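Enquirer: After the structure tokens below, expect a handful of questions from me.
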Amino acid sequence: MVEPNDAAARRAVEPVICYPIETLPQPDMAAYKGFRAQATKIDEVVVPPRDALSFNVPAGGFFRITSVEGPQVGDLNLWNANDLTERFYSGKTRALHSTHVTDGHRLWSSFPTLRPMATIVADTLDWYGKDEFGGSVHDVIGTRCDPYTNNLLSGGQYHHCCHSNLTRALADATGLPLREAEAHVHDVLNVFMCTGFTRDTGQYFMKASPVRPGDYLEFFAEMPLLGALSTCPGGDCSAEHSSDQAACFPLLVEVYETPADALADWQSPSPSGYDRSHGR
């Protein structure tokens, strides 16, 4: 196609932020810090390489995901523990915050509730920022490695993609058949994953995660949560997804409960105030 005469002017139009967030309710990080000081550990799970496990977090509690043996990426799903239809909405989290999340960002739930499910309260990789390639850590832009795309591209039958890992974990946690559980598995927070988009082609890229043993990402639970975490078969995602050759390591999930008297008048966020009449 022939480039129009005003092509340069069209490209020079300044961008506008889609969702100005000046009125977005802000988390009370000081209160969360006080809650954390009184919280006690009540559970932990060690997620084996190329697998997933579930965990439960009480409302007002905390959970921490830690690298314990080597550089490893994790794919996180979250549900309202009392209602699987309310689940983490990565796309809206991305639109409200950023392509990558860190301290003070919140993980938002799906429609029609659209409310904070969890708030990030600590991130030992917040120093990474954005590198020269445009890469950053903890993305909400990728989906999750899955056996369907793997089959499309390679023709193979690979069962330890994060999608399948999360499906098994949710089925085990709820007693649902695999096919029913799979319908609740959703786009993830890619914990510790370093990603971005190439400047020339706009392709989603990954690179070796900067995570090292002892690094962690910690969340405050804004509601009772059922979580599932998959240790990605790509390991640190320096080479490929869905690999039996990549070095993979476990991830530790620790759960903390805040005493009821410490929470005092704190309450879970209310569902969206939209009346759902949709113009009729």
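Enquirer: Could we say that Pro210 is outside any strand (DSSP E or B) and loosely packed, with under 15 Cβ neighbours inside 10 Å here?
Expert: No, not satisfied.
Enquirer: Please go through region 221-280 and pick out each residue that is among the polar types (S, T, N, Q), in contact with a strand residue (DSSP E or B) (Cβ under 8 Å, 6 or more places away or on another chain) and over 28 Å from Gly155 (Cα atoms).
Expert: Result: Thr258, single match.
Enquirer: Another question about this same structure. Within the group Gly234, Gly227, Gly273, which residue is part of a loop (DSSP other than H, G, I, E, B) and either farther than 30 Å from Leu114 by Cβ or open to solvent by less than 30 Å² (accessible area, probe 1.4 Å) (or both)?
Expert: Gly234
Enquirer: Considering only region 70-87, state which residues are open to solvent by 10 Å² or more (accessible area, probe 1.4 Å) and either in contact (Cβ under 8 Å) with a residue 24 or more places away in the chain or under 27 Å from Ser243 (Cα atoms) (or both).
Expert: Answer for region 70-87, where residues must be open to solvent by 10 Å² or more (accessible area, probe 1.4 Å) and either in contact (Cβ under 8 Å) with a residue 24 or more places away in the chain or under 27 Å from Ser243 (Cα atoms) (or both): Pro71, Asn80, Ala81, Asn82, Leu84, Thr85, Arg87.
Enquirer: Kindly evaluate Ser67 against the criterion of being buried (at least 24 other Cβ atoms within 10 Å of the Cβ), closer than 20 Å to Cys194 by Cα and touching a strand residue (DSSP E or B) at 6+ places or on another chain (Cβ under 8 Å).
Expert: yes
Enquirer: For region 140-170, give me each residue that is outside any loop (DSSP other than H, G, I, E, B), closer than 22 Å to Tyr89 by Cβ and out of contact with any Leu (no Cβ under 8 Å at 6 or more places or on another chain).
Expert: In the first step, residues of region 140-170 are kept if they are outside any loop (DSSP other than H, G, I, E, B); the result is 147-154, 162-170.
Narrowing further to those that are closer than 22 Å to Tyr89 by Cβ: 148-149, 162-167, 169-170.
The answer is Tyr148, Thr149, Cys162, His163, Ser164, Asn165, Leu166.
Enquirer: Follow-up question, since we're still on this one. Enumerate the strands (runs of 3 or more DSSP E) found wholly within region 22-85, keeping only those where 1 or more residues are more than 19 Å from the chain's Cα centre (by Cα). Spell out how you get there, then give the answer.
Expert: Details: elements: 40-47, 52-57, 62-67, 74-80.
Those strands (runs of 3 or more DSSP E) span 40-47.
Enquirer: Here is a follow-up. Only one of these is open to solvent by 50 Å² or more (accessible area, probe 1.4 Å) and closer than 22 Å to Thr99 by Cα: Thr198, Thr143. Name it.
Expert: Unique residue meeting the criteria: Thr143.
Enquirer: State the number of residues belonging to region 237-270 that are crowded, with 23+ Cβ neighbours inside 10 Å, at pLDDT 95 or above and either touching a Cys at 6+ places or on another chain (Cβ under 9 Å) or part of a loop (DSSP other than H, G, I, E, B) (or both).
Expert: 2
Enquirer: May I pose another question? For region 154-174, indicate whether the set of residues that are at pLDDT below 95, touching a Gly at 6+ places or on another chain (Cβ under 9 Å), open to solvent by 10 Å² or more (accessible area, probe 1.4 Å) and farther than 30 Å from Pro271 by Cα is non-empty.
Expert: no
Enquirer: Which of the residues belonging to region 98-108 are crowded, with 19+ Cβ neighbours inside 10 Å and in contact (Cβ under 8 Å) with a residue 60 or more places away in the chain?
Expert: His100, Val101, Arg106, Leu107
Enquirer: Could you give every pair whose Cβ atoms fall below 7 Å, whose first residue belongs to region 220-238 and is of a type in the set (Asp, Glu), and whose second residue is open to solvent by less than 10 Å² (accessible area, probe 1.4 Å) and assigned to a loop (DSSP other than H, G, I, E, B), counting only separations of at least 6 or pairs across chains?
Expert: Taking only residues 6 or more apart or on different chains, the pairs are Asp236/Gln72; Asp236/Val73; Asp236/Ser209.
The values are calculated or read from the model by the stated rules, or taken from the named source; none is laboratory data. Predicted model, so just to flag it, every value in this text is computed and none were measured. Here the Cβ is made from the backbone with ideal geometry for all residues, glycine too, and neighbour counts use every protein chain on show. Side chains are part of the model used for accessible areas, which takes the heavy atoms of the whole protein and leaves out ligands, DNA and RNA. Shrake-Rupley method; radii C 1.70, N 1.55, O 1.52, S 1.80 Å.
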